[in-house]
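Contents: one structure, followed by commentary.
Nothing in this text is a laboratory measurement; each read-out follows from the coordinates by a stated rule. These figures come from a predicted structure and were not determined experimentally. Please note: Cβ atoms are built from the backbone with ideal geometry, for glycine as well, and neighbour counts cover all protein chains shown.
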Amino acid sequence: MASPGQAVLFDVSDGVATITLNRPEQMNSINGDLRNGLMACLQEVRSRDDIRVAVLTGNGRAFCAGADLRSRADGPAAASGVAQLFPAEDTPGFAEFETRKPLIGAVNGYCLGGGFELALSCDLLIASEAAQFGLPEITLGFFPLAGAPVRLLRDIPRVVANDLLFTGERIDARRAYEFGIVSRVVPPTELLPAAREMAGKI
């Protein structure tokens, strides 16, 4: 499961699974391949007794920049990865899937749109100093519908959540820490070591 050509990489060491979104040239935007790879990794985390905790991160300069807009432009079939990752019907998607193990989000760069909603679905979140968070959907003429409006309003002050939702503006890692979106901010080179140290303690 760790071929460089895959949209999602998977590695297990000392009881910790590391799931890496691996479309760096597309800033790890969500398409069908990434959706399928991510859900397969989560299934593996849940089913394997030798995995106690998982870390989710991104390869390159982004954690996940949200939906692959090029796929969306190609029509509904091409955009099905996004729809299946955050389904509107009763089929479990990422936010509803129970890994039954703690999931740590290690946000290494751009964390936007559906990528931000992926991060908010994690049990714990830590961020690189280079991380940026935002919900730019409103600037593109639609509204985030994969859980951010509900989760943000539960987790941070209402006016702050509405600011992010209604303006589409980004915040940096330090601001995300001040709002309580992430629990730790570390230098970029220390992000994965910090996430794995946390995972080891868990």
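Some points to look at:
- Modelled label reach - R100, point 7 Å along Cα→Cβ, segment 21-52 residues with backbone N closer than 18 Å: 39-52
- Close amide-amide hydrogen proximity is noted between Q132 and G109, Y110, C111, each under 5 Å apart and 5 or more residues distant or on a separate chain (H modeled in the peptide plane; Pro and chain starts excluded).
- Whole-Hz Karplus values for segment 170-187 come out as 9, 10, 8, 5, 5, 5, 4, 5, 4, 7, x, 6, 10, 9, 8, 10, 9, x Hz, taken residue by residue from phi with 6.51 cos²θ - 1.76 cosθ + 1.60 and θ = phi - 60°; glycine and proline positions read x.
- Projected label points at V150 and D11, each 7 Å from Cα along the beta carbon direction, are separated by 3.5 nanometres.
- Restricting segment 157-197 to GluC sites (Glu not before Pro) in coil, as DSSP defines it, with at most 14 other Cβ within 10 Å: E169
- Net lengthening on full extension, E197/R174 (0.36 nm per residue, minus Cα-Cα): 6.2 nm
- Basic side chains Lys and Arg get +1 at the Cβ, acidic Asp and Glu get -1 at the Cβ, and with that the dipole of segment 151-202 about its Cα centre reaches some 180 debye.
- Hz values of 3J(HN,Hα) by residue in segment 105-110 - Karplus curve (6.51, -1.76, 1.60), Gly and Pro given as x: x, 10, 8, 9, x, 4
- GluC sites (Glu not before Pro) restricted to DSSP loop in segment 99-167 with at most 15 other C-beta within 10 Å: E129
- Restricting segment 134-202 to chymotrypsin sites (Phe, Trp or Tyr not before Pro) that sit in a DSSP loop and have at most 11 other Cβ atoms within 10 Å of their own Cβ leaves F142.
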